[in-house]
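Here's the structure, in structure tokens; my notes come after.
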Amino acid sequence: MSNEDILAGLGEIVEEVAGVPAADVTADKSFTDDLDIDSLSMVEIAVQAEDKFGVKIPDDELANLKTVQDAVSYIERNKA
Amino acid sequence: MTDHDVVVTGIGATTPLGGTAPETWQALLDGVNGVTANTEPWVEKFDLPVRIKAALKVEPTEVIPRVEARRLDRCQQVALVAAREAWADAGSPEIDPERLGVVVGTGIGGALTLLGQDDLLETEGLRKVAVLTIPMLMPNGPAAAVGLWAKARGGVHAPVSACASGAEGIAWAWRMIRDGDIDVAIAGGAEACITSLPVAGFSQMRAMSTRNDDPATASRPFDVDRDGFILGEGAGMMILERRDHAVARGAQIYGTLAGVGMSNDAYHITAPEPNGEGQTRAVEKAIRSAGLTAADVGHVNAHATSTPVGDVGEANMIKRAIGDHTVVTANKSMTGHLLGASGAVEGIATLLAVKHGIIPGTKNVFNLDPAIEVDVATENREVNLTAALNDSFGFGGHNVALLFTKD
């Protein structure tokens, strides 16, 4: 799975959970500042990402995923 | 305490009869039946004795955007649908948020979330439990969802008094305005709990109709063969407003909420006090607080759920507390029982009856119970009304009466 695939998959999850169009979920965006996603929605996004990409995202790791690129990189490093 | 008149400047509802208040009112006048067979798989699974329900005519997810809807329990969704309709109907007034309040009652709250998430915890484990489980199940959820949407900073409250909750929401909002706390309130009730455990629980109480072979005539308030209520879902909301505030902004006025009365039986956790003394106290308080007399009350929109004991006790109370001149009707013959939303939806019907001078007839009265000694309208009745009363009663001994007058 390429970084582009992970990015596209994340976009689908963010659109499903928060209603942000998937096309707006680009690598440079901050989840909270740019995409207006609250902490509870981030937990939901993380749970869905775990299922979709076969990764574990513990809470202390989730706290470090500030931007979409952070999440893509984390998933890339940890995916099954 | 100040002495401000409280008028109704907007209405909203979503019910088994329609997705809006005007559609619900028209369906009441047309005698439309809202009760259908319940073919959910859990009915078969648990072999439930009750196989009928009064489900919403319009799914809230057809009205509320998807992303917003998925963060809300169904009881919060219906509350928002009705509140937005009522607010728009009132002209979406620009007001100081600190002068706006919300009082939305519910009987049970987010039962579908509570039970559904418990199932998920059992079958799928912690990870699958929704992060918004708690705010979706809490009984102040409908009030909070409406308050957040409306930016109501003058106070958001959630009376919980079983089937009196919706009426109590309106009653407390009236008090807040009369006390001078706020100028405008969004008030009413919401309920959406048609699922296995509530049906099982009410069935075990023998409170529900089992006329499964004939859903259309199952809800028979005041009929000699009535055998219980039909579980329904929905919401009703009113915009209540201090009269001078409404007049100053040129708002439409449906009528006046002239008085309210609340009391408790303190007799039994579910059974109404047999002599109706608690109910009478609520009705008399409502009439007294409006500065009227029983002779002025030309119409009673009864709680009348179609249970054998409840309907006759209420009719006796109406006869004694108001008299045999008043015309009585039971909307639940068409809507089923919306529990914590019923008082709000029936309050709207009472208000519109006064405004339009027409009382929707009670359906399914094939043989009026001879023990019912009040004038039950079984066809639509055109009556020139100056005042009409809506009463609601809830498990826990709660009694609430709302008195509306023509503007």
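Laboratory data are not the source of any read-out in this text; all were calculated from the coordinates shown. Being a predicted model, the structure only gives us computed values, none of them experimental. Heads up, the Cβs are rebuilt from the backbone with ideal geometry, glycines too, and the neighbour counts pull from every protein chain shown.
With a 10 Å cut-off around each Cβ of A:39-52, the average count of Cβ atoms from other chains is 2. Put simply, chain B fits an ellipsoid with semi-axes of 29, 27, 18 Å; these come from the alpha carbon gyration tensor as the roots of five times its eigenvalues, largest first.
Counting neighbouring beta carbons within 10 Å and listing from fewest to most, the residues B:186, B:269, A:37 come out as B:269, A:37, B:186. Per-residue mean of foreign Cβ neighbours for A:10-23 is 1 (Cβ atoms of other chains, 10 Å radius).
Comparing Cα centroids, segment B:364-403 and segment B:275-293 end up 15 angstrom apart. Name the shape class, rounded, prolate or oblate, that the alpha-carbon gyration tensor gives for chain A, where a ≥ b ≥ c are the square roots of its eigenvalues, rounded holds for a/c under 1.5, and otherwise prolate holds if a/b is larger than b/c and oblate otherwise. Rounded shape, in that the Cα axes give a/c under 1.5. For residue A:56, put the label point 7 Å out on the Cα→Cβ axis and report which residues of segment A:1-17 keep their amide N under 18 Å from it. Within reach of a label on residue A:56: no residues. For residue B:373 and residue B:119, what does the FRET efficiency come to when R0 = 41 Å and r is the distance between their Cβ atoms, rounded to the nearest 0.05? Calculated value: 0.30. Ranked by how many other Cβ atoms sit within 10 Å of their own Cβ, fewest first, the residues B:157, B:4, B:268, B:299 fall in the order B:268, B:4, B:157, B:299. What is the log10 of I(q)/I(0) for segment B:365-405, computed with the Debye formula using one identical point scatterer on each Cα and no solvent, at q = 0.14, 0.18, 0.25, 0.28 Å⁻¹? Treating every Cα as an identical point scatterer, log10 I(q)/I(0) equals -0.53, -0.83, -1.01, -1.00. Summarising the label geometry, the points placed 7 Å from Cα in the beta-carbon direction at residue B:30 and residue A:39 lie 5.1 nm from one another.
What whole-number value in cubic angstrom gives the convex hull volume per residue for the C-alpha atoms of segment B:6-248?
About 134 Å³ per residue, rounded to a whole number.
Evaluated at q = 0.16 Å⁻¹, a Debye calculation over the C-alpha positions of segment B:89-130 (equal weights, vacuum) places log10 I(q)/I(0) at -0.63. The packing ranking, built from the mean of other Cβ atoms within 10 Å per residue, places the peptides B:344-351, B:33-40 in the order B:344-351, B:33-40, highest first.
Under Stokes-Einstein, with the Kirkwood radius over Cα pairs as Rh, the value for segment B:323-404 at 20 °C and 1.002 mPa s is 159 µm²/s. Using the rule -39500 (n - 2.57) for each DSSP H run of four or more residues, divided by the residues of chain B, the 222 nm mean residue ellipticity is -10000 deg cm²/dmol. Please list, in order, the residues from segment B:382-407 whose amide nitrogen is less than 20 Å from a point placed 7 Å along the Cα→Cβ vector of residue B:266. The answer is B:393-401.
When you look at the Cβ of every residue in B:123-132, what mean number of other chain Cβ atoms sits within 10 Å?
On the way: counts 0, 0, 0, 0, 4, 2, 1, 4, 11, 4.
So the per-residue partner count for this stretch is 3.
Averaging the Cα positions of each part gives two centres, and for segment A:51-80 and segment B:117-196 these lie 36 Å apart.
When ranked by the protection proxy of mean other Cβ atoms within 10 Å per residue, highest first, what sequence do the peptides B:122-131, B:240-249 form?
Values: B:122-131: 11.8, B:240-249: 19.2.
Ranked by mean Cβ neighbours within 10 Å, highest first: B:240-249, B:122-131.
Could you give the distance between the Cα centres of segment B:319-356 and segment B:1-36, to the whole Å? After rounding, the separation between the Cα centres reads 11 Å.
Size descriptors for segment B:284-358, from the alpha-carbon set: Rg then Dmax equal 12.5, 34 Å.
Pairs of C-alpha atoms in segment B:250-407 farther apart than 24 Å represent 25 percent of all such pairs.
Based on the alpha-carbon gyration tensor of the protein assembly as shown and its eigenvalue square roots a ≥ b ≥ c, which shape applies: rounded if a/c is under 1.5, prolate if not and a/b is larger than b/c, or oblate? Verdict is prolate for the protein assembly as shown.
Can you tell me the order of B:68-74, B:178-184 when each peptide is scored by its average per-residue count of other Cβ atoms within 10 angstrom, highest first? All intermediate terms of the calculation are to be shown ahead of the outcome.
Details: B:68-74: 21.3, B:178-184: 19.4.
By packing density, highest mean first, the sequence is B:68-74, B:178-184.
Are any of the pairs A:56/B:57; B:57/B:319; B:57/B:285; B:151/B:355; A:29/B:57; B:363/B:406 more than 32 Å apart by Cα-Cα distance, and if so, which? Walk me through the intermediate numbers first.
Details: A:56/B:57 43 Å; B:57/B:319 34 Å; B:57/B:285 35 Å; B:151/B:355 30 Å; A:29/B:57 42 Å; B:363/B:406 26 Å.
Distance filter (> 32 Å) returns A:56/B:57; B:57/B:319; B:57/B:285; A:29/B:57.
Our coupling estimate for segment B:219-233, obtained by passing each phi through the Karplus curve with A = 6.51, B = -1.76, C = 1.60 and θ = phi - 60°, is 8, 10, x, 6, 7, 5, 9, 4, 9, x, 8, 10, 5, x, 9 Hz, Gly and Pro reported as x. When exposed loop sites are taken as chymotrypsin sites (Phe, Trp or Tyr not before Pro) in a DSSP loop with at most 16 other Cβ atoms within 10 Å, the longest stretch of chain B clear of them is B:47-266.
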